[in-house]
Amino acid sequence: MAGRERNQTDMDKGIVIPDDWPGYPLDLFTSPEHYCEDLECVYIPHGVIMDRTERLARNIMDDLGDHDIVVLCVLKGGYQFCADLVDCIKVLCRHSNKTLPMRVDFIRLKSYLNDQSTEDLHIEGAENLSVLSGKAIVDTGKTMKTLLDHVEAFSPKMIKVAGLLVKRVPSGTGYLPDYVGFEIPNRFVVGYALDYNEYFRDLNHICVISDRGKQKYKI
Ligand code: HPA
Ligand code: MG
């Protein structure tokens, strides 16, 4: 049943999605009617996200099983990933002798307008931390560095970061979260709480937006 045992040098870079991955045709899955013309393909189906999250939860349990932790959910895009990750950890606890007391806190980051990164970063609200941070996307790593600087100011005992998606971007800082769901090409994706100008958070799968979708929801 079990996968490989993990150790410090055995960094798990996540499931690597190659540059030429076309995604799945939309009509092989269901998605909300109101987005039917706005998406190009299903890039990562919801079930695959859940299966991978379950494994990340197990890795986290193996590493942190004896600590009290604060899960710091990075809003808004990370809310679904964090909620599912916490749920998976709870299920694992229920089915094992381990226990992992968790508090959940929230921090809000916003650095995107349309599909472009902006320099303007807002951080709101985070206190009393000892932290597992859950973020949906890590691309250049700059936002993550700002977040870590911010969190470190609270002198937590330990900081671990779980990122659902890491993008292969040319301008990347090389920063890698401790737990990575998927490594993906440098494409703009939506769904599973990831937005394009606040739309598409209500989509279960991670999808690629169509040109029409970009035009329709452009600010
Ligand atoms: N989609 C949504 N939000 C994002 C992305 C993305 O691909 N990259 C950084 N923020
Ligand atoms: Mg966003």
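A short reminder: the numbers here are calculations on the coordinates, not readings from a lab. Please read all numbers here as calculations on a predicted model, not as lab measurements. We place every Cβ from the backbone using ideal geometry, glycine too, and count neighbours over all the protein chains shown.
Of the DSSP beta bridges with both residues in the chain, give the percent that are antiparallel, rounding to the nearest 5. Don't skip to the answer; put the middle values down first.
Details: 12 of 37 bridges.
That works out to approximately 30 percent antiparallel.
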Checklist entry - For the peptides 157-167, 28-38, 138-148, what is the packing order when you average, over each peptide's residues, the other Cβ atoms within 10 Å and list the highest mean first? => result 157-167, 138-148, 28-38
Checklist entry - Regarding region 166-217, what are the three Cα extents along the principal axes, ordered largest first, in Å? => result 34, 22, 15
Checklist outcome for this item: Normalised Cα Rg of region 126-180, dividing by 2.2 N^0.38 Å with N its residue count, works out at 1.11
Next on the checklist: Just want the ordering: Y79, Y43, from fewest to most Cβ atoms lying within 10 Å of their own Cβ.
Outcome noted: Y79, Y43
Item to check | Percent of Cα pairs exceeding the 28 Å cut-off, where the set is the chain | outcome: 28
Checklist entry - What residues from region 49-68 fall in the zone where the backbone N is under 16 Å from a label point 7 Å along the Cα-to-C-beta line of T99? => result 65-68
Checklist entry - When all C-alpha to C-alpha distances in region 25-107 are sorted into bins of 5 Å, what percent of pairs does each bin hold, rounded to whole numbers? => result 3, 13, 20, 18, 16, 11, 8, 7, 4, 0
Checklist entry - Which percent of Cα pairs goes in each bin when the distances of region 150-194 are cut into 5 angstrom slices starting at zero? => result 5, 16, 22, 23, 17, 11, 6, 0
Checklist entry - K13: which lysines have alpha carbons under 17 Å from its alpha carbon, excluding same-chain residues fewer than 8 sequence positions away? => result K135, K160, K167
